[in-house]
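Here is the structure we will look at, set down as structure tokens.
Bear in mind these aren't lab numbers, they're just calculated from the coordinates by the rules spelled out. Every value quoted in this text rests on a predicted model; they were computed, and no experiment measured them. Glycine also receives a Cβ, built like all others from the backbone with ideal geometry; neighbour counts cover every protein chain displayed.
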Amino acid sequence: MADEGFQWTCPFCGHHQMATAQNTHIDYTHFFIGTSKYGKTGLSHTAVRCVNPQCNEVVVTAGFHESAARGANYIQGETIELWRLRPESSSKVQPDYIPKPLREDYYEACLIRDKSPKAAATLARRCLQGMIRDFCKISKARLIDEINELKNALNDGHAPKGVELETIEAIDAVRDIGNIGAHMEQDINLIIEVEPGEAQALIDLIEMLFDEWYIARHKREQKLADVRAIAAEKKAIIAEGRAQIAQAKAAAIADPVDE
């Protein structure tokens, strides 16, 4: 690792920071087990401690690699496989004001994305449908019907702030990926696999909608609340000032000062 470190975001708390030699450990061990089908191999492991005092978690990853000879020693070569040990998932921390069922589906989809992409896609599809029902207040028997209703609402100018046509089209485009896990094909001998990258496409869309719908709405509400609070405070100060002036005038009339 370079002495100056590197930019890093803690997956536990979402805190952006610099990973340096003071909070990062990287090591590689060559396996003296002979030559495998992958050639000479070894194991890397990395640990990073979050410098956020409210978190202070440790992130641990490991990797299985080809070993590259360098003189009498071996160094880390091409990656064969990687594992997230802590945390197990690539999910991002989501705020509590996003409904808990949506967050749970999202976290679980991220957790099983590589082990069971089909199940992850099904959970992601359910999360997307849940967002349409919660954020857009549209509930139909089928996701396709909800998507069409949302398109109609957008065309009529009744869709919630943050809902765009390209977003709806993206939901529609990836809908079939989740359908593979949610509905069995009529021909049960037809097996359609879902790749981790395809499940990740749905997860990426969920994260984007969390940002553009829930988080953007929350920030907007906070800013508007701050403006209202400032206006109310200034209004109270003006009212108090006027009351003090009125009291002073009343006192002067009741007890005039002799010239």
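Tell me yes or no: at least one residue of region 21-35 is in contact with an Asp or Glu (Cβ under 6 Å, 6 or more places away or on another chain) and surrounded by 16 or more Cβ atoms within 10 Å (Cβ to Cβ).
No, region 21-35 contains no residue that is in contact with an Asp or Glu (Cβ under 6 Å, 6 or more places away or on another chain) and surrounded by 16 or more Cβ atoms within 10 Å (Cβ to Cβ).
Where in region 26-127 are there strands (runs of 3 or more DSSP E), lying fully within it, with 1 or more residues that are among the β-branched types (V, I, T) and either under 22 Å from E212 (Cα atoms) or more than 24 Å from the chain's Cα centre (by Cα) (or both)?
Once the strands (runs of 3 or more DSSP E) in region 26-127 are filtered for at least 1 residues that are among the β-branched types (V, I, T) and either under 22 Å from E212 (Cα atoms) or more than 24 Å from the chain's Cα centre (by Cα) (or both), what remains is 41-49, 73-86.
Please count how many residues of region 107-141 are free of Cβ contacts under 8 Å to residues at least 60 places away in the same chain and not basic (K, R).
The qualifying residues number 14.
Out of R86, R103, I need the residue that is surrounded by fewer than 17 Cβ atoms within 10 Å (Cβ to Cβ), within 30 Å of L128 (Cβ to Cβ) and either without any contact (Cβ under 8 Å) to a residue 40 or more places away in the chain or basic (K, R) (or both). Which one?
R86
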